[in-house]
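To start, the structure itself, in structure tokens.
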Amino acid sequence: MTTFGTHRGNTFTDAAFEYVAQAPALESVTMGYARTMGDAATAHLVRAPALRHLHLAGWRMGDRSCELLANAPALTQLRLSTRRLSNAGLAHLNQCQGLKQLKVDDCPFVTEDGIGHLRHDIDVDYSPATPRQMIETLLDDELARDRAVSALARQGEAARDDLMTFARIAPESLRPTFQDLLSRLNHGLD
């Protein structure tokens, strides 16, 4: 097996990737929209000696995954779309000597400043998270709530408008959450 991919890989656990990584010719892995996979899956994958291309789109993957990827021996291309990655985690990729191409999209806590601190020989394609994606992060991850409110505050009026829309259309049970977030965001913008 040279290629392995999941789309909406919610049936895979981190432990499953211990077996995937044992394929001696494994060169490419795509993990798309994976709610159940986290940094432990990455820990297994970096042991694959021939892994050159990796796409991580797991909601529980974050800074630790980048720290682990710094030691991936053959990695040349990486795409990251994770909800817990920050600039601090991204900086670990400077240690990944073979990395030549990096695509970062929809990562609420990665900014242009973080991208700017990457090695100059890495070809970077960066698409910042939208306010809507940041709001979705708020709903999915209680631990990230304060970080997300801070990130939303940098989005200004666009974030406020999206939050007001969510507050209007949200189910009754979520309206207090959105009202609280909007209040916190308004205090951060004043």
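The numbers here are math on the coordinates, done by the rules we state, and not lab data. If you're wondering where the values come from, they're calculated on a predicted model, not measured in any experiment. Positions of Cβ are generated from backbone atoms using ideal geometry, with glycine treated the same way; all protein chains shown enter the neighbour counts.
Starting from the amide H of Arg84, placed 1.01 Å from N in the peptide plane, find each other amide H under 5 Å away whose residue is 5 or more places distant or on another chain.
Long-range HN contacts for Arg84: Met61.
Within the chain, which whole H helices from DSSP have a Cα span along their axis of at least 20 Å and a mean Kyte-Doolittle hydropathy of 1.0 or more, if any? Each step should come with its number before you reach the end.
On the way: long enough: 175-189 (21 Å, -0.55).
Span-like helices here: none at all.
Under 17 Å from a point 7 Å along the Cα-to-Cβ line of Arg47: which residues of the stretch 65-103 have their amide N that close?
Only 65, 68-74 pass the distance filter.
Efficiency by 1/(1 + (r/R0)^6): what FRET value for Thr177 and Asp105, r their Cβ-Cβ distance, R0 = 25 Å, to the nearest 0.05?
It comes to 0.45.
What length, rounded to one decimal in nm, is gained on full extension from Tyr33 through to Met1, with 0.36 nm per residue of separation minus their alpha-carbon distance?
Here the answer is 9.3 nm.
Residues with amide H under 5 Å of Arg79's amide H, sequence separation 5 or more or different chain, H placed in the peptide plane at 1.01 Å from N; which?
Amide H to amide H, under 5 Å and 5 or more residues apart or across chains, Arg79 pairs with Leu54, His55, Leu56, Lys103.
Which whole-Hz couplings ³J(HN,Hα) result when phi for each residue of the stretch 107-117 is put into the Karplus expression 6.51 cos²θ - 1.76 cosθ + 1.60, θ = phi - 60°, listed in order with x for Gly and Pro?
Once rounded to whole Hz, the list reads 9, x, 10, 9, 10, 4, 4, x, 4, x, 8.
What length, rounded to one decimal in nm, is gained on full extension from Thr11 through to Ala23, with 0.36 nm per residue of separation minus their alpha-carbon distance? Don't skip to the end; give the middle numbers.
Details: separation 12, 0.36 × 12 = 4.32 nm, distance 1.99 nm.
Going from the current span to full extension adds 2.3 nm.
Running Debye on the chain with equal point scatterers at the Cα sites and no solvent, what base-10 log of I(q)/I(0) appears at q = 0.10, 0.11, 0.13 Å⁻¹?
Ignoring solvent entirely, the Cα scatterers give -0.43, -0.51, -0.69.
Report the gain in length on full extension from His187 to His120: 0.36 nm times residue separation, minus Cα-Cα distance, nm rounded to one decimal.
Answer, rounded to one decimal: 20.3 nm.
How large is the dipole of the chain about the Cα centre if only Lys and Arg carry +1 and Asp and Glu carry -1, each at its Cβ, rounded to the nearest 20 debye?
On the way: 20 positive and 24 negative charges, 59 e Å.
In debye, rounded to 20, the chain gives about 280.
Counting only residues 5 or more places away or on other chains, whose amide H sits under 5 Å from the amide H of Tyr33 once H atoms are built in the peptide plane?
Amide H neighbours of Tyr33: Arg8, Ala57.
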